[in-house]
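Since the structure comes first, as structure tokens, the remarks are kept for the end.
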Amino acid sequence: MNILKAVNLRKIYGQGETEVKALDGVNLEVEKGEFIAIVGTSGSGKSTMLHIIGGLDNPTSGQVIVDGQNLSHMTDEELTIFRRRNIGFVFQQYNLVPMLNVWENIILPVKLDGKKIEKKYVDEIIDTLGIRTKLENLPSALSGGQQQRVA
Ligand SMILES: Nc1ncnc2c1ncn2[C@@H]1O[C@H](COP(=O)(O)OP(=O)(O)O)[C@@H](O)[C@H]1O
Ligand SMILES: [Mg+2]
């Protein structure tokens, strides 16, 4: 089964002289459980592609279907909830909330969703990522790699 399908994605930034065709008819199908990497030179459109398939930005045209749901048919609010429950995104700058500590950053999306924290599951991830001793630290007191793991 396809977990992700992108159909004829185009993304055009700007217009006229400054127009950039960042994506020009991209098709992609990803099977459930498949691991993929998108590789290309700087400026080739990787971040644009990830933002669009992650529901963070709209394509100029084309469709994104995640787990059978067409993202372009969703309202902003539906998309926000869908992202929170289905998409994990590690940004290049990590985007941790600076005034929340590591533990609070980790559980923030679950809390925003009004759900109960599955402590055993979260603990397992914390130990796998080796950030147990940092749970009470603010992001500003972490190395880049530690921030990345928290994200
Ligand atoms: N917000 C934007 N406005 C205008 N042009 C953009 C914007 N974001 C990216 N671009 C341009 O789109 C192209 C693809 O950028 P990007 O997806 O960030 O590439 P990559 O992540 O592969 O380095 C580049 O030429 C970049 O300058
Ligand atoms: Mg990029």
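The values are calculated or read from the model by the stated rules, or taken from the named source; none is laboratory data. Remember, it's a predicted structure, so these values are computed and weren't measured experimentally. Here the Cβ is made from the backbone with ideal geometry for all residues, glycine too, and neighbour counts use every protein chain on show. In case anyone asks, the SASA skips ligands and DNA or RNA and just uses the protein heavy atoms, side chains included. Shrake-Rupley method; radii C 1.70, N 1.55, O 1.52, S 1.80 Å.
Listed values, structure above:
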| quantity | calculated |
| --- | --- |
| Condition check for I87: over 13 Å from the mean Cα position of the chain (by Cα) and of a type in the set (A, V, I, L, M) | no |
| Subset of segment 113-123 (residues that are open to solvent by less than 70 Å² (accessible area, probe 1.4 Å) and outside any loop (DSSP other than H, G, I, E, B)) | V122, D123 |
| Within segment 88-107, considering residues that are exposed (fewer than 14 other Cβ atoms within 10 Å of the Cβ) and not aromatic (F, W, Y), the one nearest to ligand 2 (Cβ to nearest atom) | Q92 |
| Check on I126, touching a helix residue (DSSP H, G or I) at 6+ places or on another chain (Cβ under 6 Å), assigned to a helix (DSSP H, G or I) and on the phi < 0 side of the Ramachandran plot | yes |
| Residue count, segment 36-62 (criterion: more than 8 Å from ligand 1 (Cβ to nearest atom), more than 16 Å from V90 (Cα to Cα) and open to solvent by 60 Å² or more (accessible area, probe 1.4 Å)) | 3 |
| Qualifying positions in segment 129-145 - open to solvent by 60 Å² or more (accessible area, probe 1.4 Å) and in a loop (DSSP other than H, G, I, E, B) | E136, L138 |
| Any hit, segment 67-75, residues being more than 9 Å from ligand 1 (Cβ to nearest atom), part of a strand (DSSP E or B), loosely packed, with under 15 Cβ neighbours inside 10 Å and more than 18 Å from the chain's Cα centre (by Cα) | no |
| Any chance K46 is touching a strand residue (DSSP E or B) at 6+ places or on another chain (Cβ under 6 Å) and among the charged types (D, E, K, R) | no |
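Every residue, every condition in (1) touching a Pro at 6+ places or on another chain (Cβ under 8 Å); (2) open to solvent by 50 Å² or more (accessible area, probe 1.4 Å); (3) within 16 Å of ligand 2 (Cβ to nearest atom); (4) in contact (Cβ under 8 Å) with a residue 24 or more places away in the chain, yes or no:
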| residue | (1), (2), (3), (4) |
| --- | --- |
| A6 | no, no, no, yes |
| R10 | yes, yes, no, yes |
| Q15 | no, yes, no, no |
| V30 | no, no, no, yes |
| I65 | no, no, no, yes |
